[in-house]
Every structure is written in structure tokens, then in C-alpha cells.
Amino acid sequence: MPQQPLNSRRRWNKRTLFASLLILLVIPATMLLGIVVLNDRKYYFISLLIILYTLIPFAMVFERRKPQARELIVIAVLAAIAVAGRSAFFMLPQFKPVLAIVIVAGVSLGAEAGFLAGATAGFVSNFFFGQGPWTPWQMFCFGIVGFLAGLLFKEGRLKRSRLPLCLFGGLSALVIYGGIMNFSTVSMAASALNAETLLAAYASGFWFDMVHAAATVFFLFVLARPMLEKLERVKTKYGLIEP
């Protein structure tokens, strides 16, 4: 495989570092602002800010050329598939394919695209499931898993084969998504944030998180290989961006 040019690696590093700053610091700070200052009432505003933040590092992919519509359409289609999948399994609590599709997006299209697909899927799907102060939290959780998948794949720490993808997906659903969303439940609903309320939230949410993890593993096992192969063919045929 040919080596990436040095200036290309620098651009990727700069973009990813900037995206990491936004995702790990700016977006959580914005969510905290919505809770403390806006009293969790302006969740539409916070949700749109998250999407706006996500578009900034993604736009840096095109710093030396104009984006092609088909490059943006692929990400939009993946987000739409995640929304449709979440809606199709509405009768099964937590048994959803969203994280699996977001992980595929991150691995195939890059960390920034993974976050954008996850955040968009969380925002749009909640027009069917109900918008609320939990929406920014879900957007962040879906997005951060896609971002980490793309980042780890780019660094060579996550392989495209079923076993590592399934392991990453299951742990992400259980530890990252479940861990953050259980904390958000306490911050939104409990009168006091302490060790007892946190322990109760994690204990009561454990089996829901296990179902979510099992669903993510299942959908990755079934969908990851054909979706990644199809995306690679699309990228090759149309000369789409490389992560």
C-alpha cells in the first residue's frame, strides 16, 4: 500500500486533533451550559449546536477542494439507515442497530464522518421517539462511538474483521453509551447527584445496556462485512474521500 504524503498526514492530524477538542471539550461544555444555564429547556438549540460543531472538522476534509455532493450523500444515507433501523425495532427496547451502523460509518468514512452520522441519527430519530433534554446526550453518545471507531481504525488499533468490530461494539454500547446515558438520567431526573443515585441508575440500567450491547454485536456480525464491502466499492468507483 502506498505511503500517504507527509502533508496529507499533517492535515489529517490537525483535523483530528481539532475534532477531538470539539468533541471531548467543547460539546460537553455546551451540554453543561444547557443543563446549568438554560435549565435543560433549550435542547433543540443545544442539539443544533452539536451538529454545527461536528460539521466544522468534517468541512476541513475539503480545505483544498470543493466537496462533492455524493460524498455528503453517503453520510446522509448511513444516518438515514440508522434512523430507519431504530424506528423499525421500536417495539424492542434498546435492541437497535444504530451503534453498529455508526461504527461502520466511522471505520469506512473516517472519525469525523462517524460522529456526524451518529449525532444526526440521534437528532433525527428523536422526532419519532420524542425530543427532550436527553437528545443532546444521545447525539453525543452515538457520535462519540462513531468517532472512536474511525480514530482507532485509522491508528490500526481496530480491524475490519467481525471479531474486533463486535468486541468494540459491545463494549462501546455497555461502557460508553450506557455509562454516559445512565449518568445523564441522574443529572436530569434525580434531585441530588451522589454516589447512591449513580449506583442505583447504573444498577437499574445494567440489563438495558446488556441488551443494547448484544444488539450492537448482532448487527455488526450480520451487517458490518457487507456494508463495509459495499462502501469500499462506492468509494473506489466514485473516488470518495479517504478517512
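Results, tabulated for the structure shown:
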| read-out | value |
| --- | --- |
| Condition met for Phe115 (crowded, with 24+ Cβ neighbours inside 10 Å, assigned to a helix (DSSP H, G or I) and touching a residue at least 60 places away in the same chain (Cβ under 8 Å)) | yes |
| Residue among Ala215, Ala224 that alone is touching a Phe, Trp or Tyr at 6+ places or on another chain (Cβ under 7 Å), aliphatic (A, V, I, L, M), in a helix (DSSP H, G or I) and closer than 16 Å to Val102 by Cα | Ala215 |
| Cβ-Cβ under 6 Å pairs, at least 6 apart or on other chains, segment 188-215 side of a type in the set (S, T, N, Q), far side at pLDDT below 85 | Thr197/Val186; Thr197/Ala190 |
| The listed residue being surrounded by 14 or more Cβ atoms within 10 Å (Cβ to Cβ), of a type in the set (Val, Ile, Thr), modelled with pLDDT of 70 or more and more than 17 Å from the chain's Cα centre (by Cα), out of Ile56, Ile46, Ile35, Ile51 | Ile35 |
| Considering residues of segment 94-112 that are of a type outside the set (D, E, K, R) and outside any helix (DSSP H, G or I) only, the residue surrounded by the most Cβ atoms within 10 Å (Cβ to Cβ) | Gly110 |
| Single residue of segment 84-120 satisfying the filter (within 21 Å of Glu229 (Cα to Cα) and of a type in the set (Val, Ile, Thr)) that is nearest to the chain's Cα centre (by Cα) | Val102 |
| In segment 161-189, the residues that are under 19 Å from Thr135 (Cβ atoms) and either among the β-branched types (Val, Ile, Thr) or touching a Ser or Thr at 6+ places or on another chain (Cβ under 6 Å) (or both) | Ala173, Ile176, Ile180, Thr185, Val186 |
| Residues that are at pLDDT below 95 and aromatic (Phe, Trp, Tyr), drawn from segment 152-172 | Phe153 |
| Residue satisfying condition, being under 13 Å from Ala119 (Cα atoms), assigned to a helix (DSSP H, G or I) and in contact (Cβ under 8 Å) with a residue 60 or more places away in the chain, within set Phe153, Phe140, Phe168 | Phe140 |
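The values are calculated or read from the model by the stated rules, or taken from the named source; none is laboratory data. If you're wondering where the values come from, they're calculated on a predicted model, not measured in any experiment. Neighbour counts run over all protein chains shown; Cβ positions are idealised from the backbone, glycine included.
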